[in-house]
Amino acid sequence: MAILGTGIQDGLLLKPITYPWAYDLYNQAVANTWFPNEIQLGEDLADFKKMTEEEKHAVTFLMSYFNPNELLVNKALAFGVYPYINAPECHLYLAKQMWEEANHCMSFEYVLETFPIDRDAAYESHVSVPSMAAKEEFEVNFIRRMTEETLDISTTEGKKDFVRNLVAYNVILEGIWFYSGFMVALSFRQRNLLRNFGSLMDWVIRDESLHLQFGINLILTVLEENEDLQDPDFADEIRQMILDAVEMEERYNRDLLPKGILGLNADYVNQYVRYLADRRLEELGFDPHYNVSNPAKWMATANDTLQLVNFFEATNTSYEVNAQATKR
Ligand SMILES: [Fe+2]
Ligand SMILES: [Fe+2]
């Protein structure tokens, strides 16, 4: 059996498991289940009120970006990933991931409800702020190929579009752009601010680190199983997508932190973005491009780099240790 496929009556019987890494990630994801109302976000209100305008702008800007993009990831999974895979263990995982993205959306709604943030203004930014809109446009272009044209997964071009979409959503949006935002969100806790918000972000990040592991394993499996995709021009194209995404993120971060807040400015965040991009390049089998150090070493504890599940064996024990440490 190959991982790609569209037959409706294929993939209805779970055992034996063909891709144990996917089954293992599903079980880890279920074990990580949480709900936003377990966090007392109201306890952070006093912190929020004493924050500077620049700091409040950063929190609002993050919500403006995160909220619609959680739902955009689900569109990419529903239209661009789920229909083209047949392994039932992958379908189990994707169903859980889609619930998690919904749960993240509800978590960010909880932030918007709790803090005095103008929801309409926050919602508006993903269209009205050019650096934010550009990131969304980049993503939407990939999913459009799959919604407005029918992709034939048995052709090389169809398979390439499948991989491009996964790189755009999984590696770039979830694996670089979200992590850049997570670092800024958690930086408040480094200064003893918004600690409950920080706990909420910990749980979101714990989920996202599994999304990233699933996506990278899926990409590598598809490349491994389809020799027609193993061409150097296609590899260059994927690598270039990641480098372009770094530039987009750098522009966005200058709007996120126009003047900088205590201990954090756009250059610091952008060095972290370059560091992350190098890790993602390596996880896909490329050489690193930027060769910069991690300016936010404290983030390493929050799972920004992967102990990738070994390709054909599924246990990732280091992850479980981390999960225990952050458990409620
Ligand atoms: Fe998410
Ligand atoms: Fe995600």
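Values for this structure:
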read-out: Enumeration of residues in region 88-109 that are within 12 Å of the chain's Cα centre (by Cα) and either of a type in the set (S, T, N, Q) or more than 16 Å from ASN165 (Cβ to Cβ) (or both); value: GLN97, GLU100, HIS104
read-out: Qualifying residue in region 71-87 (condition: of a type in the set (Phe, Trp, Tyr), within 22 Å of LYS160 (Cα to Cα) and without any contact (Cβ under 8 Å) to a residue 40 or more places away in the chain); value: yes
read-out: Check on ASP202, in a helix (DSSP H, G or I) and either at pLDDT below 95 or open to solvent by 60 Å² or more (accessible area, probe 1.4 Å) (or both); value: yes
read-out: Hits in region 134-157 (condition: of a type outside the set (S, T, N, Q), outside any loop (DSSP other than H, G, I, E, B) and touching a residue at least 24 places away in the same chain (Cβ under 8 Å)); value: ALA134, LYS135, GLU136, PHE138, GLU139, VAL140, PHE142, ILE143, MET146
read-out: Where a residue in region 163-185 is on the phi < 0 side of the Ramachandran plot and more than 11 Å from ligand 1 (Cβ to nearest atom) and its partner, wherever it lies, is in a helix (DSSP H, G or I) and among the basic types (Lys, Arg), with Cβ under 7 Å and at least six apart; value: VAL171/ARG280; GLY175/ARG280; ILE176/ARG280; TRP177/LYS135
read-out: Subset of region 220-241 [part of a helix (DSSP H, G or I) and more than 29 Å from ALA134 (Cβ to Cβ)]; value: THR221, GLU224, GLU225, GLU227, ASP228
read-out: Selection within region 93-125 - within 16 Å of ligand 2 (Cβ to nearest atom) and hydrophobic (A, V, I, L, M, F, W, C); value: LEU94, ALA95, MET98, TRP99, ALA102, CYS105, MET106, PHE108
read-out: Hits in region 182-199 (condition: among the charged types (D, E, K, R) and outside any helix (DSSP H, G or I)); value: ARG191
read-out: Candidate set: region 154-163, residues that are out of contact with any Asp or Glu (no Cβ under 7 Å at 6 or more places or on another chain) and open to solvent by less than 20 Å² (accessible area, probe 1.4 Å); chosen: the one farthest from ARG251 (Cα to Cα); value: PHE162
read-out: Top-ranked residue of region 238-258 - restricted to ones that are farther than 30 Å from GLU54 by Cα and touching a residue at least 12 places away in the same chain (Cβ under 8 Å), ranked as surrounded by the most Cβ atoms within 10 Å (Cβ to Cβ); value: ILE238
read-out: Region 83-107: number of residues that are closer than 30 Å to GLY198 by Cα and in contact with a strand residue (DSSP E or B) (Cβ under 9 Å, 6 or more places away or on another chain); value: 1
read-out: Residue identified as modelled with pLDDT under 95, over 15 Å from the mean Cα position of the chain (by Cα) and hydroxyl-bearing (Ser, Thr, Tyr) among THR156, THR150; value: THR150
read-out: Qualifying residue in region 186-197 (condition: within 16 Å of ligand 2 (Cβ to nearest atom), out of contact with any strand residue (DSSP E or B) (no Cβ under 7 Å at 6 or more places or on another chain) and touching a residue at least 24 places away in the same chain (Cβ under 8 Å)); value: no
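The values are calculated or read from the model by the stated rules, or taken from the named source; none is laboratory data. Model, not experiment: these values are computed from the prediction. No Cβ is skipped: glycine too gets one built from the backbone with ideal geometry, and neighbour counts run over all protein chains shown. Note: areas computed on protein heavy atoms with side chains; ligands, DNA, RNA excluded. Shrake-Rupley method; radii C 1.70, N 1.55, O 1.52, S 1.80 Å.
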